[in-house]
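*Asks:* Questions regarding the structure given below will be posed in turn.
Derivation of every value follows stated rules applied to the coordinates shown; laboratory data play no part. Since the model is a prediction, treat every value here as computed from it, not as a measurement. Cβ sites come from the backbone with ideal geometry, for glycine too, and all protein chains shown count toward neighbours.
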Amino acid sequence: MAKNGSRKSVMRFITYRNAGNSWFVMKICLHFVMSQISKSKYFGPTTRASKRTAKTTTVTPAKKLGVELKENASKTKVPKIKKVSSGTAKTKLKWEPDKWEMQLENIRKMREMKDAPVDTMGCERCTQDGYTEKEKRYHILTSLMLSSQTKDHVTHGAMDKLLNHGLTVDKIVGISDKKLGELIYPVGFWKRKVEYIKKTASILKEHYDCDIPSTVETLVKLPGVGPKMAYLTMTCAWDKVVGIGVDVHVHRISNRLGWVKKKTKEPEQTRQGLEDWLPREYWKEVNWLLVGFGQQVCLPVSPKCEFCLNNQICPASTAKSKKK
């Protein structure tokens with residue numbers, strides 16, 4: 001339609017010119033023709049280059065920016081945020097038990113008197129003046145070897161007899177099995193421990209210059225020395241905290257308090273579970289705290305929950321129903 005209109009306009013222009021109309025009329029007609037041509041879709045830009053130019057000019061800066069951001073986002077790996085039940089974008093670095101800090105502080109308060117058997121008869125107490133530092137380290141290792149399946153007062157009594165006899169690597173190497181058995185009796189499994197202590201003394205004399213090993217890896221290679229003894233030896237003899245010593249008390253109480261993510265059956269599993277979340281600055285004291293607490297309050301059978309400061313926040317407490 002626009003094309004036909006333009007042709008008619010041209011024809012009018014020719015007719016007016018031939019008719020001898022004034023130049024003014026001709027100028028008006030020419031202006032009209034040009035305006036009609038510019039409006040026509042048939043006389044617009046038709047080349048591919050023109051179309052591309054037209055298309056690119058219609059892209060807004062915002063759209064271009066969006067494309068660039070999309071391309072960059074596809075190349076960048078965005079870390080996934082773990083979803084939590086509350087629906088918030090919150091990440092938790094590691095698992096930790098509920099109210100453990102309050103529970104630990106309450107145990108500290110209950111241990112302020114330091115009157116448990118471990119406080120006066122623990123492995124670091126089983127030595128005497130007059131011995132060298134090397135010999136005192138050997139005393140700590142020996143007391144730990146004797147303590148397995150044995151009450152503290154029995155272990156302490158055996159250590160007193162050994163110390164009075166003379167407890168050095170050389171003397172143990174030279175003592176008879178019968179005499180050693182008499183000195184350590186009645187510790188648990190005393191016959192087996194005679195064998196372990198004699199073999200260990202020979203190893204220390206031959207390979208360690210009568211001193212004890214200074215790493216967990218080498219300590220556990222000694223006869224009768226397990227992970228608990230090794231970690232406690234590192235702490236008490238070498239003053240190096242490289243792990244938590246877990247005995248039956250620490251194992252039992254950790255499970256009762258819910259300090260392990262899942263219930264554990266072995267002390268070594270408990271040690272690994274504790275070390276996964278418990279801050280390292282508490283590793284040294286946690287054995288001493290829990291052992292004494294287990295000896296006095298959190299007993300293996302019939303624990304004294306009514307006297308425990310944690311009786312309202314302990315999952316295993318039998319005194320929760322008595323809260324007023």
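*Asks:* Per Stokes-Einstein, at 20 °C and 1.002 mPa s, what whole-number D in µm² s⁻¹ belongs to the range 245-322, with the Kirkwood radius over Cα pairs as the hydrodynamic radius? Could you put the intermediate results ahead of the total?
*Replies:* Details: Rh = 12.8 Å.
Using the Kirkwood radius from Cα pairs, D works out to 168 µm²/s.
*Asks:* How high is the FRET efficiency from M113 to Q269, r the C-beta distance, R0 30 Å, rounded to 0.05?
*Replies:* On the way: r = 31 Å, r/R0 = 1.05.
Between M113 and Q269 the formula returns 0.45.
*Asks:* Give or take rounding to whole Å, what are the principal axis extents of the alpha carbon atoms in the range 117-236, in descending order?
*Replies:* 31, 30, 29
*Asks:* Taking 7 Å along the Cα-to-C-beta vector as the label spot, tell me the Q128-D209 distance in nanometres, rounded to one decimal.
*Replies:* Result for the modelled spin labels: 2.7 nm.
*Asks:* Here's something else I'd like to know. Which Rg and Dmax, in Å, describe the Cα atoms of the range 171-317?
*Replies:* So, for the range 171-317, Rg and Dmax equal 18.0, 56 Å respectively.
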